[in-house]
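Working notes, structure below.
Every read-out reported here was derived from the displayed coordinates using simple, explicitly stated rules and does not represent laboratory data. Owing to the predicted nature of the structure, the values given are computational and were not obtained by experimental measurement. For neighbour counting, all protein chains shown are included, and Cβ atoms are generated from backbone atoms with ideal geometry for every residue, glycine included.
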Amino acid sequence: MFKDKVVVVTGGVQGIGRCISDEFQKEGAIVCDIDKQPGGYFTGDLAEEKTLTLFAEKVLSDYGHVDYLINNALPLMKGIDACSYEEFNYALRVGVTAPFYLAKLFSRHFALGAVIINIASSRDRMSQPQTESYTAAKGGIAALTHALAVSFSGRIRVNSISPGWIDTGFREYPGADSLQHPAGRVGNPLDIANMVLFLCSDKASFITGENICIDGGMTRQMIYHGDFNWFFNPDPDR
């Protein structure tokens, strides 16, 4: 199904992005990844407009078109107490501006049946303290998803995936870490990569503008102080 398809993956050298790249390559696809870490197709900082332009030019020079764009790169996570103006904007440039601008740069070069997948986060709907830069970026890319789906109506399907706790090292967790998930385990990168490939396939041809949360059921679980032997301790040092 994906043989010789051209797949762009941001943040594709490690973690979830690497797993997505590997799964596409197993299916015979051509993967053009970009990452700040060396070792992939293109090395560069997605926060820089020049990097995005040069990357897009290289992909189009090498292959002439794009079949699938997977926006996966990880934004900076810092909170209200420590995050500077520059750092907050950097997180948004990586997490929202880069996906928007790559979609724009490739707009006239997407193949028939093209798909964009944005990797959001379950933090687009829930938060921990001191995570504002990351959470804002993930909320932004979730909203960008349905905006692009409407703008690209009839040409390109656009969906997003919101992972929960995904251990990129495929570590298996015993006890409470796993049992707190209704699915009974912590997630791994294949849980996300498998959904990416499904959404890019013809089997998902009637799905666009959607956000699919893959978190083992955690965001559906209501927790109150005193329920099920869980007690809130407002003092983290006790």
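For segment 222-232, backbone phi angles converted through the Karplus equation (6.51, -1.76, 1.60; θ = phi - 60°) give residue-by-residue couplings of 7, 10, 10, 3, x, 8, 6, 6, 9, 10, 7 Hz, Gly and Pro being listed as x. With respect to the chain, whose longest principal axis is taken over its alpha-carbon atoms, helix 15-26 is tilted by about 40°. Residue-wise HN-Hα couplings along segment 85-97, as the Karplus relation 6.51 cos²θ - 1.76 cosθ + 1.60 with θ = phi - 60° gives them from phi, are 4, 5, 5, 5, 5, 4, 4, 5, 5, 6, x, 10, 5 Hz; Gly and Pro carry x. Taking 23 Å as the limit for the C-alpha separation, the pairs 26/104; 104/138; 26/203; 78/138; 5/58 exceed it in the case of 26/104. Under 5 Å between amide hydrogens, built in the peptide plane, is the criterion, and for residue 167 it picks out 187, 188 among residues at least 5 positions away or on other chains. The angle between the Cα long axis of helix 49-63 and the longest principal axis of the Cα atoms of the chain comes to about 50 degrees, rounded to the nearest 10.
Cβ-to-Cβ counts within 10 Å put 18, 108, 185 in ascending order as 108, 185, 18, the fewest first.
Taking every alpha-carbon pair under 8 Å whose residues sit at least 6 apart, segment 1-133 reaches a relative contact order of 26 percent.
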